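In what follows, a structure is listed as structure tokens, so that the remarks can point back to it.
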Amino acid sequence: MFVAPYLALVREDAPQREHALRDVFNALRYLIKTGCGWRYLPHDLPPWPAVYQQWARWRDNRCFEHMMADLRELARLLAGREAEPTAVILDSRTVQSTPESGARAGYDGAKRRKGSKVHVAVDTLGHLLAAVVTPANAPDRGQVDALCERVQQVTGQKVEVAYVDQGYTGEDAAYAAAVHDIDL
């Protein structure tokens, strides 16, 4: 299993482990695939508190971020590119809200949709580098600073240029990117 080295925070035969790592990982995959609540995990999977506790450990140790960074570097090298990108693309997407969204939801007048806006930075091959989630009424220009900061953290200050649409243009956005040594 490719993910095992990233997820094995303690040895598989550690005395405190009650459930197989594979079973806990499969339970997490089930949650993601179905969108069910933690407490609705089927009974043939480990109990939800055990799955949640292990997921929190993985989250706190940034296991999935490390795994995705290594996969991204490997995919770039296999495509004949440098391991870290020097150019990124910034864009956003509005996702419709649900009743549970509450105060996080805003209204995006351009898309005529209430929900959240996901601002993403991808490399030129389309691999995700950073994401910022805001209410849908948050302007794109206001997220340039956060996206550029995260991109430079992930790539080790390698990015030099960001390609954007007109939602991310303007003096303030250009200045926010320049602070992180990125040209829009």
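The values are calculated or read from the model by the stated rules, or taken from the named source; none is laboratory data. Keep in mind that what you see is a predicted model, and the values were worked out from it rather than measured. With ideal geometry, Cβ positions are generated from the backbone for all residues, glycine too; neighbour counts draw on all protein chains shown. Remember, those area values only see protein heavy atoms, side chains included, never the ligands or the DNA or RNA. Shrake-Rupley method; radii C 1.70, N 1.55, O 1.52, S 1.80 Å.
A few remarks follow.
- In this structure, GLN166 does not qualify as at pLDDT 90 or above and polar (S, T, N, Q).
- Answer from PRO5, PRO46 - the residue that is touching a helix residue (DSSP H, G or I) at 6+ places or on another chain (Cβ under 7 Å), outside the structural domain of GLU149 (by the TED database) and not hydrophobic (A, V, I, L, M, F, W, C): PRO46
- Residue match in region 43-53 (condition: within 30 Å of VAL154 (Cβ to Cβ), at pLDDT below 90 and either part of a loop (DSSP other than H, G, I, E, B) or open to solvent by 60 Å² or more (accessible area, probe 1.4 Å) (or both)): no
- Residue list for region 1-25, filter: at pLDDT 80 or above and more than 16 Å from CYS63 (Cβ to Cβ): GLU18, HIS19, ALA20, ASP23
- In region 56-107, of all residues being under 30 Å from GLU160 (Cβ atoms) and of a type in the set (Ser, Thr, Tyr), the one that is modelled with the highest pLDDT corresponds to THR86.
- Scope region 54-85; condition outside any helix (DSSP H, G or I) and among the acidic types (Asp, Glu); matching residues: GLU82, GLU84
- If the condition is being free of Cβ contacts under 8 Å to residues at least 60 places away in the same chain and within 18 Å of the chain's Cα centre (by Cα), then region 140-173 contributes ASP140, GLN143, VAL144, ASP145, ALA146, LEU147, CYS148, GLU149, ARG150, GLN152, GLN153.
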